[in-house]
Amino acid sequence: MPIDPMMLNAILGTFKNMIEECKTKNLSGPDFDKMCATYDRMEQLGNEHSDMNEYNAQLMNENLYVKFSDFYARTITPASNSQSGDGGGYDDAALLKQNVDALKQAIITIRKAYQDTIEQARGQDAEANMQLGLDYIERNFDKEYLSAGGGIDKINTRAKKDFDEIIKKKPKAFDNSVEVEVMSNPEVLIKSIQDVIDLGEKPGMTLPRFLRLQIETGLDKAMEGSVSTRNGLETEKEYILSNPISPIHIQIIEEKLEKFDELANANKFNVPNSTELKYSFEDIERLHENDIQKWDQIKTRWNDLLNDLSVWSLSYCSFAPYMYPWAIAEDPFAATKETQHIAPGIIKEKEKLFQKYFGISFYEIYKHPTFLWEVKYNYIDYSQEYVEFLIEKIYPECKPFNHLSDDLIEQRGLFCKRGKDSKDRETNPQRHFPSERIKEWYDKKFGEGRYLSKYDAVEKYESAAKPWNLNSFKYCK
Amino acid sequence: MDNNILEEYRLYYAARSEKYKNNPAYANSYETEKRLSDAMQACNSLEDFKDDAVKLGKACAIALVKDENLLEKKYYEKHQETFRVKASEQILEKIDSCETLLDISTIVAEENNKTSVEVSMDDSHRKIIDDWDLIDEIEIYENAVVPDKYKSKMVGMAADIKKSLIEGVIMLEENNEPWQSGWKLIPEKALEYRHLRLLPFLKTHVEEQIAKYKSIINR
């Protein structure tokens, strides 16, 4: 079976358009013929292969992408040369006009591309795209697999129903036009190009003076988009600061901004060299990459330990067999017993590895910067009183062959919301703060109310626990 | 020909070479731009400059590609990126043979293309990074102290993970086969600096984990 047309068209579409462009311009010749032959080979392989990975590998190994681009460039180059007019004597005014006109055309193209992207982002074809996806599934997925989901008709009906419900609830759910409008606004870049055009249209301007002044004032580099790069970094910083994953992420973005300014200041025209900037940024990322990995590992491992202690202690509660994950087991009661017996042995082994890799013991977790950070930004799922309960009451009992006392089981159960008179005290009552911060950043960036027009309101956690207060948390001292 | 225009061109070409002056990273560009500018300064008419403009213009393009690739080479050498550095090495070796500006862009695209395949094959040797936690899980299930009744269950869980690791490696090798015939996972490659730098563990721990990994996946 050949590669699915949806995938093949996505790959070959651009190349097909390039051939059409040459035909429209009446371009021909040996390079154009080779370009078409290369395309035919790409299409032929698409019909011979059924596996995308193998198809892509053969395209790359036969160097077809590069060959096509090369023949395309060779096909269109004589055309652009002939358009520049090589007959007759030197006509400075005509050449200057040609340069300025090209820049004016660039602005038109950039604005059109921007408007097209905004139109596309309105999501008016979201339903059609969903249908294309469903058709792809029907053509390519195993029939048995589809039957397990109730058959393709049922999957289609369900997907359409879900889609209609989303649209009814949030009419702008698939509309990203405002986001594109803000994030991809090309006016800063257009301003740089317009400055160059204005320079070219100054009375008495000549082509060589126009070209020289671009260099001497740095306008040529500004046109490459250095202002947009810095604005992009500022936006990234605002987002990171709204919900910083770690102090390292803040440090990286600050170092990048500092580097940008340093390179800009060292440049005669206050525009950093793009190549030097690229390697400087990569240096900064490489410098901190291991620290980020370490931060993630440590955070994941202590979260895992706390979660295991929580699950182990919960497995003793009378209502545990009715809760996930035990409720989905073949025998939920036996599953809770199994957790009670095996979890302490597993937790001890995880502790050993944590100590081995990072030299952190159970009681040292709470002094570690990763823990303090998770608390400070309310990324931690559990409340302070619940973590204290796990440290003080549950952890000391968590040993192989040991079990929780009835008193502790009762205390553990009281942290859960079971029935209308009890309240959840397990969850961090400010756990929704990170989502609130994202909403705040989103509305600030894309306009008040934009977040709620697309997404559900941030739900507050109904927890009776007090907010975290590190001053009263003795384990971090 | 208006003498003012000629003078304007002299200033323009001088500005082009000035752009790279005193920047050691663009020494080749400065040298060729300077030659181009000197040729312009010596001309008495634009017509005289035509041949030099074509010949030295191409030399300037080559020089710029050289400088940019010398920067890239230096950068990847500094970071011990033995595969990523190959594109710039090859471009630098071949660039002088370019006849036209199109040849330059073809060589650059071709070498970057070739290197990207080699880099992704080399990056595949990092599989242990993705599998690290699963190897730990095997150790956890095999060593956890549990009542006898649950021991076989724990061994079974460890065996399931081992099976999934073996299947993962087979799938990786099958996926890489069309890209590089005969490609096989070499776990020890993870000890080379370009991969090791991504692991937040001591080298001794990485060595230990590789030994365990190899015994599981039979490589």
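The values are calculated or read from the model by the stated rules, or taken from the named source; none is laboratory data. Keep in mind it's a predicted model, so treat the numbers as computed, not measured. Here the Cβ is made from the backbone with ideal geometry for all residues, glycine too, and neighbour counts use every protein chain on show. Side chains are part of the model used for accessible areas, which takes the heavy atoms of the whole protein and leaves out ligands, DNA and RNA. Shrake-Rupley method; radii C 1.70, N 1.55, O 1.52, S 1.80 Å.
Given a 1.4 Å probe and every protein chain left where it sits, what share in percent of the accessible area of segment A:405-477 is carbon and sulfur?
Its accessible area is 49 percent carbon and sulfur atoms.
Given charges of +1 on the Cβ of Lys and Arg and -1 on the Cβ of Asp and Glu, with all other atoms neutral, how large is the dipole of segment B:1-55 about its Cα centre, in debye to the nearest 20?
300 debye
Gain in length, A:Asn267 to A:Asn290, computed as 0.36 nm per residue apart minus the alpha-carbon separation, to one decimal in nm? Let's see the in-between values first.
Values: separation 23, 0.36 × 23 = 8.28 nm, distance 3.17 nm.
Extra length available between A:Asn267 and A:Asn290 comes to 5.1 nm.
Which parts of segment B:139-153, residue by residue, lose 40 Å² or more of accessible area when the rest of the protein chains are there, as against the chain isolated (1.4 Å probe)?
Residues losing area: B:Ile140, B:Val145, B:Pro147, B:Tyr150.
Report, by chain and number, residues whose modeled amide H sits under 5 Å from the one on A:Thr427, excluding near sequence neighbours (fewer than 5 apart, same chain).
Result for A:Thr427 returns A:Ser383.
Assign one of three labels to segment A:17-172, namely rounded, prolate or oblate, based on the Cα gyration tensor with a ≥ b ≥ c the square roots of its eigenvalues; rounded applies when a/c is under 1.5, prolate when it is not and a/b is larger than b/c, and oblate otherwise. Before the final figure, lay out the partial values.
Values: a/c = 4.57, a/b = 1.66, b/c = 2.75.
Oblate, since a/c reaches 1.5 and b/c is not below a/b.
Across peptide B:106-114, how many C-beta atoms of other chains are within 10 Å of each residue C-beta, on average?
The per-residue average across the peptide is 4.
Give the angle, between 0 and 90 degrees and rounded to the nearest 10, that separates the Cα long axis of helix A:207-217 from the longest principal axis of the Cα atoms of chain A.
30 degrees
Give me the count of lysine pairs in segment A:261-369 whose alpha carbons sit under 23 angstrom apart, restricted to pairs 8 or more positions apart or on different chains.
Eligible lysine pairs with Cα atoms under 23 Å apart amount to 18.
Roughly speaking, to the nearest percent, how much of segment B:103-219's 1.4 Å accessible area is carbon and sulfur?
55 percent
With only Lys, Arg, Asp and Glu charged, each at its Cβ (+1 for the first two, -1 for the last two), find how big the charge dipole of segment B:44-145 is about the Cα centre; round to the nearest 20 debye.
With only Lys, Arg, Asp and Glu charged at Cβ, the dipole is about 520 debye.
I want to check the label-to-label distance for A:Asn471 and B:Asn23. Put each point 7 Å from Cα in the C-beta direction and report it in nm to one decimal.
Inter-label distance under the simple model: 5.5 nm.
Which residues among segment A:403-444 fall inside the zone where the amide N is under 12 Å from a point 7 Å beyond the Cα of B:Tyr150, along Cα→Cβ?
A:403-404
Other chains near B:197-206: what is the mean number of their Cβ atoms within 10 Å of each residue's Cβ?
Partner-chain Cβ atoms within 10 Å, mean over residues of B:197-206: 4.
What spacing in nm lies between the two simple spin-label points modelled at A:Glu436 and A:Glu48, each 7 Å away from Cα in the Cβ direction?
6.2 nm
What full-extension length gain, to one decimal in nm, is calculated for A:Ser147 and A:Phe319 as 0.36 nm per residue of separation minus the Cα-Cα distance?
Result: 58.4 nm gained on full extension.
What number comes out for accessible area per residue over the protein assembly as shown if the probe is 1.4 Å? Units Å², please.
On the way: 36770 Å² over 696 residues.
Per residue, the protein assembly as shown has an accessible area of 53 Å².
Work from the charge dipole of chain A (Cβ charges, +1 for Lys and Arg, -1 for Asp and Glu, about the Cα centre) and give the residue of A:Cys317, A:Phe163, A:Met1 farthest towards its positive end.
Of the options given, the answer is A:Cys317.
Using just the helices of chain B, give the 222 nm mean residue ellipticity in deg cm²/dmol: DSSP H runs with n ≥ 4 each add -39,500 (n - 2.57), and the total is spread over all residues, rounded to 500.
Taking each H run of at least 4 residues, the total per residue is -25000 deg cm²/dmol.
Relative contact order for segment A:138-285: what percent, with Cα pairs under 8 Å and sequence separation of 6 or more?
15 percent
Between A:Glu392 and B:His205, what's the calculated FRET efficiency when r is the beta-carbon distance and R0 is 30 Å? Round to 0.05.
Numbers: r = 32 Å, r/R0 = 1.06.
That pair, A:Glu392 with B:His205, gives E of 0.40.
What list of ³J(HN,Hα) couplings, whole Hz, do you get for segment A:60-72 from phi and the Karplus terms 6.51, -1.76, 1.60, once you set θ to phi - 60° and write x for glycine and proline?
6, 5, 8, 6, 5, 4, 5, 4, 4, 4, 5, 5, 4
Per the Kirkwood formula on distinct C-alpha pairs, the Rh of segment A:254-306 is how many angstrom?
Working: mean 1/r = 0.0772 Å⁻¹.
Evaluated on segment A:254-306, it is 13.0 Å.
Within 10 Å of each candidate Cβ there may be at most 16 other Cβ atoms; applying that plus a DSSP loop requirement, which trypsin sites (Lys or Arg not before Pro) in segment A:152-228 survive?
Numbers: sites: A:Lys154, A:Arg158, A:Lys160, A:Lys161, A:Lys168, A:Lys169, A:Lys172, A:Lys191, A:Arg209, A:Arg212, A:Lys221; in loops: A:Lys172.
In loop regions of segment A:152-228 (DSSP not H, G, I, E or B), the sparsely surrounded trypsin sites (Lys or Arg not before Pro) are A:Lys172.
Between A:Asn17 and A:Tyr377, what is the FRET efficiency for a Förster distance of 30 Å, r being their Cβ-Cβ separation, to the nearest 0.05? Spell out each step's value before the answer.
Numbers: r = 47 Å, r/R0 = 1.57.
Plugging the Cβ-Cβ distance into 1/(1 + (r/R0)^6) gives 0.05.
Tell me: how much accessible area in total is hidden between A and B, 1.4 Å probe, Å², nearest 100?
The A and B chains share an interface burying roughly 4900 Å².
Rounded to the nearest 500, what is chain A's calculated 222 nm mean residue ellipticity when only DSSP H runs of at least 4 contribute -39500 (n - 2.57) each, over all residues?
Rounded to the nearest 500, the figure is -22000 deg cm²/dmol.
Find which of A:Gly46, A:Gly232, A:Ser383 sits farthest along the positive direction of the dipole of chain A, computed with +1 on the beta-carbon of Lys and Arg, -1 on that of Asp and Glu, about the Cα centre.
The residue sitting farthest along the positive end of the dipole is A:Ser383.
Can you give the FRET efficiency for A:Asn185 and A:Leu452, using 1/(1 + (r/R0)^6), R0 = 22 Å, r = Cβ-Cβ distance, to the nearest 0.05?
Between A:Asn185 and A:Leu452 the formula returns 0.45.
Taking square-rooted eigenvalues a ≥ b ≥ c of the alpha carbon gyration tensor, is segment A:255-387 rounded, prolate or oblate, where a/c under 1.5 means rounded and, failing that, a/b exceeding b/c means prolate?
Details: a/c = 3.35, a/b = 3.01, b/c = 1.11.
Prolate is the answer for segment A:255-387, as a/c is 1.5 or above and a/b outweighs b/c.
Got a sec to turn the phi values of segment A:374-387 into Karplus ³J(HN,Hα) couplings, 6.51 cos²θ - 1.76 cosθ + 1.60 with θ = phi - 60°, whole Hz, x for Gly and Pro?
4, 6, 3, 9, 6, 8, 6, 6, 8, 7, 4, 5, 6, 4
Within segment A:249-379, what whole-number % of the accessible surface is contributed by carbon and sulfur, with the 1.4 Å probe and all protein chains included in the calculation?
52 percent
Per-residue HN-Hα couplings for segment A:268-279, Karplus 6.51 cos²θ - 1.76 cosθ + 1.60 at θ = phi - 60°, whole Hz, x for Gly and Pro?
4, 10, 6, 10, x, 5, 5, 5, 4, 5, 4, 5
Excluding A:Ala457 itself, what net charge comes from residues whose Cβ is under 14 Å from its Cβ, given Lys and Arg +1 and Asp and Glu -1?
Values: positive: A:Lys169, A:Lys170, A:Lys439, A:Arg450, A:Lys454, A:Lys460; negative: A:Glu436, A:Glu440, A:Asp443, A:Asp456, A:Glu459.
Every neighbour counted, the sum reads +1.
Using a 10 Å cut-off on Cβ atoms, rank the peptides A:138-144, A:453-459 from the highest mean neighbour count down.
Descending mean neighbour count gives A:453-459, A:138-144.
For segment B:57-168, restrict the atom set to alpha-carbon positions and state the Rg and Dmax in Å.
24.4, 81
Restrict the search to segment B:41-76; then list the GluC sites (Glu not before Pro) that DSSP places in a loop and that have at most 10 other Cβ atoms within 10 Å of their Cβ. Please report the intermediate quantities before stating the final value.
Values: sites: B:Glu47, B:Glu68, B:Glu72; in loops: none.
Filter output for segment B:41-76: empty list.
How about segment A:377-414: which chymotrypsin sites (Phe, Trp or Tyr not before Pro) there lie in a loop by DSSP and see at most 10 other Cβ atoms within 10 Å?
The qualifying sites are A:Phe401.
How many angstrom lie between the C-alpha centres of segment A:289-325 and segment A:437-477?
Going from one Cα centre to the other spans 22 Å.
What does the extension gain come out to for B:Val54 and B:Ala159, with contour length at 0.36 nm per residue minus their alpha carbon separation? Don't jump to the answer; show the numbers that get you there.
Numbers: separation 105, 0.36 × 105 = 37.80 nm, distance 6.88 nm.
That works out to 30.9 nm of additional length.
Give me the Kirkwood hydrodynamic radius of the protein assembly as shown, using the inverse of the mean 1/r over all pairs of distinct Cα atoms, in Å to one decimal.
31.3 Å
Pull out a ≥ b ≥ c, the square roots of the eigenvalues of the alpha-carbon gyration tensor of segment A:334-432, then state rounded if a/c is under 1.5, prolate if not and a/b is larger than b/c, and oblate in the remaining case.
On the way: a/c = 2.20, a/b = 1.05, b/c = 2.09.
In terms of gyration-tensor shape, oblate.
Average partner chain C-beta neighbours within 10 Å, per residue of B:166-178?
Taking all residues of B:166-178 together, the mean is 2.
Return the distance in nm (one decimal) between the two label points of a simple spin-label model at A:Asp101 and A:Ala37, each offset 7 Å from Cα along Cα→Cβ.
Here the answer is 3.6 nm between the modelled labels.
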